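The values are calculated or read from the model by the stated rules, or taken from the named source; none is laboratory data. A quick note: this is a predicted structure, and the numbers were derived from the prediction, not measured. Neighbour counts are summed over all protein chains in view; Cβ atoms, including those assigned to glycine, are modelled from backbone coordinates with ideal geometry. When the accessible area is computed, the model is the full protein with side chains, heavy atoms only, and any ligands, DNA or RNA have been set aside. Shrake-Rupley method; radii C 1.70, N 1.55, O 1.52, S 1.80 Å.
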Amino acid sequence: MKAPPSSTTNDAHSDDVRRRELADFLRNRRAGIAPEDVGLPGGGRRRTPGLRREEVAQLAGVGTTWYTWLEQARDVRASRAVLEALADALSLTAAERRHLVLLGRGESAPPPPAVTEEVSAPVRRLIANLGLSPAYILGRRWDYLAWNDAMAALFGDPADVAPEHRNQLWLFFTDPARRALMPDWRRTARVLASRFRADYARHVGDPAFDRLVSDLHDASPEFRKWWTQHEVKGDTDGRKELLHPVEGRMLFEHAAFKHVEHGEQRLILYTPLPDEDTPAKMERLLSRA
């Protein structure tokens, strides 16, 4: 009988995955910056787009060889100050900067939780009593943990989906009905993938996350393309427009809230706006549910 992998083996695997993620992220960000964008002289022929490695090293004040090792996924350690300097050199956004530091600090991914994620009874009652406002709780991997009737009426009931696919990212990229709801699906899906990328950095090497990414890589050409681009964004609030197959155009305010005690659980809330008679449309959807 084959012995299970030791914790040392798992840690080594996680570190190896983290280094590859960091290397891919640096290469992608470097390729997206023109010399003129960071005050370097342009012109001349370049074999590849973006900055050269030595230019990034120069801007960050680090050695070219050391920076090259980072892009080659070598086992080198970077201080937070150096990573911040690289973030400045690559003109990273706040979300991208956090992602870089998280990948570059060399922290092993936390082990998968020993128990299934649970939503407390008060939180379940909270979302159940939100009336016409669709609401749901996402877990650390964006699995649906709890939802209200309004969410099921608008987006479809997650209970009708196999447990292994009861996941926001999976349904967004693979469910034709979910895609049809979004008038600008490609833009929204790309942003969603970039937000998940930020969360994924906290769980590099986690088998559950790796399995989801692998399944999406096989199932969705769009996800496969965007995932390799290493775009990273944080949560944002705002207006959401949906095109329901029965009720037509509907407008909502969208917001995300993190649980104080369970920081990786999110409450996602859609508040119907009076535009397009959205509250009345939600009432009709709920009456038919």
task = Mind counting lysine pairs for me in the chain? Cα separation below 30 Å, and the two need to be 8 or more apart along the chain or on different chains.
result = 7
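For a test of the definition: using alpha carbon positions, the gyration tensor, and the 1.5 limit on a/c, classify the range 124-181 as rounded, prolate or oblate.
Working: a/c = 2.13, a/b = 1.36, b/c = 1.56.
It comes out oblate by the Cα gyration axes.
With only Lys, Arg, Asp and Glu charged, each at its Cβ (+1 for the first two, -1 for the last two), find how big the charge dipole of the chain is about the Cα centre; round to the nearest 20 debye.
Details: 43 positive and 42 negative charges, 162 e Å.
Here the chain has a charge dipole of around 780 debye.
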request  = State the answer as a single residue: which of Leu103, Trp69, Leu90 lies farthest towards the positive end of the charge dipole of the chain, with beta carbon charges of +1 for Lys and Arg and -1 for Asp and Glu, about the Cα centre.
outcome  = Trp69
key: Shape of the chain, Cα gyration tensor, a/c cut at 1.5   = prolate
request  = Could you provide, to the nearest whole Å², the per residue accessible area of the chain with probe 1.4 Å?
outcome  = 51 Å²
